[in-house]
Amino acid sequence: MRPGCLPTLAHVAGGPDSEQRLSDLVLLRRVRDRIDREYAQPLDVAALARGVHVSAGHLSREFKRAYGESPYAYLMTRRIERAMTLLRRGDLSVTDVCFAVGCGSLGTFSTRFTELVGMPPSVYREQAARGSAGIPPCLAKQATRPVRNREARAPVPALASGP
């Protein structure tokens, strides 16, 4: 490895391919755990990569290969999941929730929330207040958890039938 270059996961792990892959997965799990713990902190892919001594590009590729989404997408999903919980409580404004979960821009937060949940945070807050009365919070969290492969999709237009 050239001096001054960040090592790849292969350089950090070393060893045969199967051992190397296990070591890679350990490092990726460490990154995922850090996102889960520190989602409200200002995190970016470069900072996450520095934490496991790899390049940001390599971390993004390997994380996506292992978990099916980029580290940034995973972080935003965790933030939106937490935001849903805070919005269901009903005691915070959408702006307060946005900043509480680590988003720095209300516009980006609202856009991402709408993409993942299928409705803007303000609408979700209103509906959650009406719809979750009497449901234990642990069940409400399970039922409403955002899942990236179920992102809100635009409705498919109906085909017109013959004349």
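Taking Arg148, is it modelled with pLDDT under 95, open to solvent by 50 Å² or more (accessible area, probe 1.4 Å) and within 19 Å of Tyr39 (Cα to Cα)?
yes
Quick check on this structure: which one of Ala47, Ala100, Ala66 is closer than 25 Å to Arg30 by Cα, surrounded by fewer than 19 Cβ atoms within 10 Å (Cβ to Cβ) and at pLDDT 95 or above?
Ala100
Does Arg29 satisfy the condition of being more than 30 Å from Arg125 (Cα to Cα) and either surrounded by fewer than 20 Cβ atoms within 10 Å (Cβ to Cβ) or modelled with pLDDT of 95 or more (or both)?
yes
Go through region 70-97 and count every residue that is within 14 Å of Val31 (Cα to Cα) and open to solvent by 30 Å² or more (accessible area, probe 1.4 Å).
Matching residues across region 70-97 total 2.
For region 55-88, give me the residue count where each residue is under 20 Å from Leu116 (Cα atoms), among the small types (Gly, Ala, Ser) and either outside any helix (DSSP H, G or I) or touching a strand residue (DSSP E or B) at 6+ places or on another chain (Cβ under 6 Å) (or both).
2
Given the residues Gly107, Gly134, Gly162, which is the only one that is of a type in the set (Gly, Ala, Ser), open to solvent by less than 90 Å² (accessible area, probe 1.4 Å) and modelled with pLDDT of 90 or more?
Gly107
For Thr114, work out the one condition from (1) closer than 21 Å to Ser70 by Cα; (2) in a helix (DSSP H, G or I); (3) modelled with pLDDT under 95 it doesn't fulfil.
Just one mismatch for Thr114, condition (3).
Mind checking which residues of region 32-44 are open to solvent by 70 Å² or more (accessible area, probe 1.4 Å) and in contact (Cβ under 8 Å) with a residue 60 or more places away in the chain?
Hits for region 32-44 are Gln41, Pro42.
The values are calculated or read from the model by the stated rules, or taken from the named source; none is laboratory data. Predicted, not measured: the structure shown is a model, and the values here were computed from it. Don't worry about glycine lacking a Cβ; one is built from the backbone with ideal geometry, like all the others, and counts go over all protein chains shown. We work out accessible area using only protein heavy atoms, side chains counted, and drop any ligands, DNA or RNA first. Shrake-Rupley method; radii C 1.70, N 1.55, O 1.52, S 1.80 Å.
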